[in-house]
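Notes follow once the structure below has been shown.
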Amino acid sequence: MPFTKLGLSEPVLEGVRAMGYVDPTPIQLRAIPLIMEGKDVIGSAQTGTGKTAAFALPLLTKLVRHEPAARVLVLEPTRELAAQVETAIRDFARFTNIRTAVLFGGVGYGRQIDSLQEGVDIIVATPGRLLDHLERGTCRLNHVRHLVLDEADRMLDMGFLPDVRRIIQKTPRERQTMLFSATIPPEIETLIQWAMRHPQTVEIGARRSPAETVRHVIYPVAESQKTDLLLALLERVNYDSVIVFCRTKHGADRIAQLLKRNNHSVAVLHSNRTQREREQALRGFREGRYELLVATDIAARGLDIADVSHVINYDVPHHPEDYIHRIGRTGRAEARGDAFTLMVAEDVKHVAAIERFIGRRIERVKLENFNYRYTALFDQDKPGQPAAAGRVQAVRVLGGYYFGPARRRR
């Protein structure tokens, strides 16, 4: 079914065509009619499936025209997601007179207050900064008719649910509520029961499975050789762009410096960077000025970064859901991608938790012609069995296996 059959207004359809969209994705196809009907909706889909358009397009249609009071509120867990979603909404609304404002911390209040005073229809905000505006009296939510809670499980992980509840209490009880979440833990289920009315659930794909277009493998390695293996992988694998995930901000800075010393063009993304530095890093990576982005899990969810050919988990994530979101940065929009995870001895329990979560064992491989030091991890080729003697597998690159050095593709 094309977008033209979903009941969207003509100005919104013009925005869709200008963005180059042709056919709706499965979550858009199922969620848009429900939102157009005014129903509360719970949306669950793998990353990169067009979730923002699934709620933005019908809400823009329902708003019709600009009015001075905010009627839509979209809550996002991070500054980057808030900025990205606000940009997408503005793009979809380019042929309307609907106005948007984005509110997040790390920057001054002046421009945000100016936007609110001029009158906006849609507010996209992080919880903390929105509460600041509410307490200052620079923002009011008494005219909100449509509330979107995006990446709800991420807001739970970051400790924002109490703030989210306070914000919801400041909106009218008669409203339409949409919640998007990759997982529905008990705390989110409680929030749904409290905040939503007879919600319809739209679930696309299995929540616990990586995209089928991503091949993911584990590289067991001794702790002392972890950085050497990372450098060797980057030397031998053909890639367009790579996101390297680290567990901590300090670790991300350390790995970024290591890669820079080895002549890689690198951007860094974590919460200790200023907002300007974070925006410059994302823009430079998207535009190809940086071949590598070293990041913490702030970049694992929702950020729209196209054409990432490889993800490397330098550190194994401690939460299985984060593994799914990390490797979901590649293989987007049906493209193929590769995800490598470096595993040292202390990571065994976390890898086991990931494998239980996704319901299958992840293939262990060794890098061809890398001078490995022995680690007991090599004796765990199969659960409960010793590794096959001398078993070595080559790196798989896009399109097949590679057995010798190659130049990096830019």
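Readers should treat all values here as calculations from the given coordinates under stated rules, not as data from a laboratory. For clarity, every value in this text was computed on a predicted model and none was experimentally measured. Using ideal geometry, Cβ is built from the backbone for each residue, glycine included, and neighbour counts are taken over all protein chains shown.
Structure above, values below:
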item: Packing rank of 103-110, 73-80, where each peptide gets the mean count of other beta carbons within 10 Å, highest leading; result: 73-80, 103-110
item: The stretch 3-204 shape via C-alpha gyration tensor axes, a/c threshold 1.5; result: oblate
item: Approximate spin-label separation residue 248-residue 274, in nm, with each point projected 7 Å along Cα-to-Cβ; result: 2.6 nm
item: Percent of beta bridges antiparallel (DSSP, the chain, rounded to nearest 5); result: 10 percent
item: Cα gyration tensor shape of the stretch 134-234, rounded if a/c is under 1.5, else prolate or oblate by comparing a/b with b/c; result: prolate
item: Calculated from backbone phi, Karplus (6.51, -1.76, 1.60) coupling profile of the stretch 262-269 in Hz, x at Gly/Pro; result: 9, 6, 9, 8, 10, 10, 10, 9
item: Amide H contacts under 5 Å for residue 364, placed H, 5+ residues apart; result: 218
item: Sequence-distant residues sharing a close amide H with residue 244 (under 5 Å, placed H); result: 293, 294, 295, 312
item: Amide hydrogen neighbours beyond the local backbone of residue 203, cut-off 5 Å, H modeled; result: 44
item: Stretch gain in nm, segment residue 373-residue 231, where the contour uses 0.36 nm per residue and the Cα spacing is subtracted; result: 49.5 nm
item: Relative contact order [Cα under 8 Å, 6+ residues apart], the chain, whole percent; result: 17 percent
item: Karplus (6.51, -1.76, 1.60) ³J(HN,Hα), θ = phi - 60°, over the stretch 95-106, in Hz, Gly and Pro reported as x; result: 9, 10, 9, 5, 10, 10, 9, 10, 10, 8, x, x
item: In order through the stretch 229-239: 3J(HN,Hα) via Karplus (6.51 cos²θ - 1.76 cosθ + 1.60), integer Hz, x for Gly, Pro; result: 5, 4, 5, 5, 4, 5, 6, 9, 9, 6, 9
item: Extended-chain gain in nm, criterion 0.36 nm per residue less alpha-carbon gap, residue 67 and residue 349; result: 96.1 nm
item: Tally of Lys pairs whose C-alpha atoms are under 27 Å apart, taken over the chain, 8 or more apart or cross-chain; result: 20
